[in-house]
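Chemist: Take this structure, written in structure tokens, and hold onto it; I'll ask about it next.
The values are calculated or read from the model by the stated rules, or taken from the named source; none is laboratory data. Note that the coordinates shown come from a computational prediction; the quantities given were computed from them, not determined experimentally. Don't worry about glycine lacking a Cβ; one is built from the backbone with ideal geometry, like all the others, and counts go over all protein chains shown. Surface accessibility is based on the protein's heavy atoms, side chains included, excluding ligands, DNA and RNA. Shrake-Rupley method; radii C 1.70, N 1.55, O 1.52, S 1.80 Å.
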Amino acid sequence: MKIYINGNFYTKDEAKISVFDHGFLYGDGVFEGIRIYNGRVFKLKEHIDRLYDSAKAIMLNIPMSKEELIKATLITCKENNLYDGGYIRLVVSRGDGDLGLNPYNCKKANVVIIAATIKLYPEEFYEKGLKIITVPTRRNLPEALSPSIKSLNYLNNVMAKIEAINAGVEEALMINQEGYVSECTGDNIFIVKNNTLITPPSYMGILVGITRNSVMEIAEKDGIKVEERVLTRYDVYTSDECFLTGSAAEIIPVVEIDRRSIGNGFVGKITKRLIKLFREYVKTNGEIIPE
Ligand code: PXG
């Protein structure tokens, strides 16, 4: 494995960042997780845009242009001979500083690109669907730390994930401070009700997922009615179908939430159709990795 750090490649054993890096000390940094399909980095431009937006929001200067980072990402895939089924982790941390919070004492951000693989949930759940629960931990308050920022500070989601796993399920539904449905720990949520596809709007305190936006586009093109709407847990309990989306998760069906079966308790028809269309869509939507 060859890992990119600040313009150079290192082996897995050699790839190291200082313990004085503020990403390590304070979770001060931003990241992206991106899939590789069919010789392309899926929606790379969209991921790069979101990374730079996250960085801007926390006043982190990424020490290279978007074009340079796109090129570095594609080269990292090539160096690792990853052309299909891979997964890229792009990390930009505040950089090496001292033991105080002050980010202005960090000279330069560290840029890391790892091209590897990921399996978020066991394969069987893609066939038979996930069982999930609502957890007590609320999604970050947007006024405190915007969920739109894909920051290295994922404790909010980690807490929720712990609660789900401790309860014997794979994933957690997080509600926001008002009690409305926001998202899961690393995935957006969709329901289907009366043939309409519905997902919470960004102001519910979510990360606006690139997979989410792709699924909305695919569904609309397929003639499925799509709505962004405020959802309560009641809406999820009484939905006909439910699934989660994310770069790591892709599209994964949900068949039970808080011990209520969704629909008839089996993976829904529209969910299956969207999975099929998504698998086609990813083949042609991304930056081509050089041979
Ligand atoms: N919500 C949150 C909180 C996320 O972290 C998504 C939604 C889906 O967004 P995209 O753009 O990926 O469709 C995410 C992304 C992991 C992992 O290791 C999780 C994500 C991305 C990469 C890796 O669990 N979540």
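Chemist: May I ask you to compute the full-extension gain from ARG233 to ASN166, defined as 0.36 nm times their residue separation minus their alpha-carbon distance, rounded to one decimal in nm? Don't skip to the end; give the middle numbers.
Modeler: Numbers: separation 67, 0.36 × 67 = 24.12 nm, distance 2.09 nm.
Going from the current span to full extension adds 22.0 nm.
Chemist: While we're on this one: Run the accessible area of the range 2-118 with a 1.4 Å probe and give the carbon-and-sulfur part as a rounded percent.
Modeler: 54
Chemist: Relative to the present Cα-Cα distance, how much length would full extension add between ASP49 and GLU280 at 0.36 nm per residue of separation?
Modeler: 80.8 nm
Chemist: Another one. Kindly provide log₁₀ I(q)/I(0) values, in the same order as q = 0.13, 0.17, 0.20 Å⁻¹, from the Debye equation applied to equal alpha-carbon scatterers of the range 26-181.
Modeler: For the requested q values the scattering log ratios are -0.76, -1.15, -1.27.
Chemist: With the full set of protein chains in place, find how many percent of the accessible area of the range 124-281 is carbon and sulfur; take the probe as 1.4 Å. It would help to have the intermediate numbers written out before the result.
Modeler: Working: 3630 of 7160 Å².
Summing carbon and sulfur atoms, their accessible area is 51 percent of the total for the range 124-281.
Chemist: I need the phi-derived Karplus couplings for the range 277-291: 6.51 cos²θ - 1.76 cosθ + 1.60, θ = phi - 60°, integer Hz, Gly and Pro marked x.
Modeler: Along the range 277-291, the couplings run 5, 5, 5, 6, 4, 5, 5, 10, 10, x, 7, 6, 7, x, 6 Hz.
Chemist: Next up: Between the range 210-230 and the range 132-190, what is the separation of their alpha carbon centroids in Å?
Modeler: Taking the Cα centre of the range 132-190 as reference, the centre of the range 210-230 is 22 Å away.
Chemist: Please list, in order along the range 136-142, the HN-Hα scalar couplings obtained from phi with the Karplus expression 6.51 cos²θ - 1.76 cosθ + 1.60 (θ = phi - 60°), rounded to whole Hz, x for Gly and Pro.
Modeler: For the range 136-142, the Karplus curve yields x, 5, 7, 5, 2, 5, x Hz.
Chemist: Further, regarding this structure: Could you tell me which residue out of TYR180, MET204, PHE190 lies farthest along the dipole of the chain toward its positive end? Charges go on the beta carbon: Lys and Arg +1, Asp and Glu -1, centred on the Cα centre.
Modeler: PHE190
Chemist: Show the residues, 5+ positions off or on another chain, whose built amide H is closer than 5 Å to the amide H of ASP240.
Modeler: Those qualifying (amide H under 5 Å, at least 5 residues apart or on another chain) are VAL192, LYS193, ASN194.
Chemist: Here is a further query. Grab the eigenvalues of the alpha-carbon gyration tensor for the chain, scale each by 5, take roots, and send me the semi-axes largest first in whole angstrom.
Modeler: Here the semi-axes work out to 33, 23, 16 Å.
Chemist: Could you do me a favour and compute the accessible area per residue for the chain, 1.4 Å probe, result in Å²?
Modeler: Heavy-atom accessible area per residue stands at 48 Å².
Chemist: Which value, in Å³ per residue, describes the convex hull spanned by the Cα atoms of the range 2-118?
Modeler: Spread over its residues, the Cα hull of the range 2-118 gives 93 Å³ apiece.
Chemist: May I pose another question? Provide the descending list of Cα extents for the range 13-60 along its principal axes, expressed in whole angstroms.
Modeler: Largest to smallest, the principal-axis extents are 38, 33, 10 Å.
Chemist: Mind checking the dipole of the chain: about its Cα centre, +1 per Lys or Arg Cβ, -1 per Asp or Glu Cβ, Debye to the nearest 20?
Modeler: 260
Chemist: Where Rh is the Kirkwood radius over the Cα pairs of the range 132-291, the temperature 10 °C and the viscosity 1.306 mPa s, what D in µm²/s does Stokes-Einstein return?
Modeler: The diffusion coefficient I find is 99 µm²/s.
Chemist: Can you compute 3J(HN,Hα) from phi for each residue in the range 213-221, using the Karplus curve 6.51 cos²θ - 1.76 cosθ + 1.60 with θ = phi - 60°, rounded to whole Hz and x for Gly and Pro?
Modeler: 3J(HN,Hα) across the range 213-221, in whole Hz: 5, 5, 5, 4, 5, 4, 5, 4, 4.
Chemist: Right, something else. Hey, can you grab everything whose amide H is under 5 Å from the amide H of LEU231? Only 5+ residues off in sequence or another chain; H modelled, so Pro and N-termini drop out.
Modeler: The list, which skips near neighbours in sequence, is VAL181.
Chemist: Given 0.36 nm per residue, what is the gain on full extension from ASN195 to PHE20 after removing their alpha carbon distance, in nm?
Modeler: Going from the current span to full extension adds 57.8 nm.
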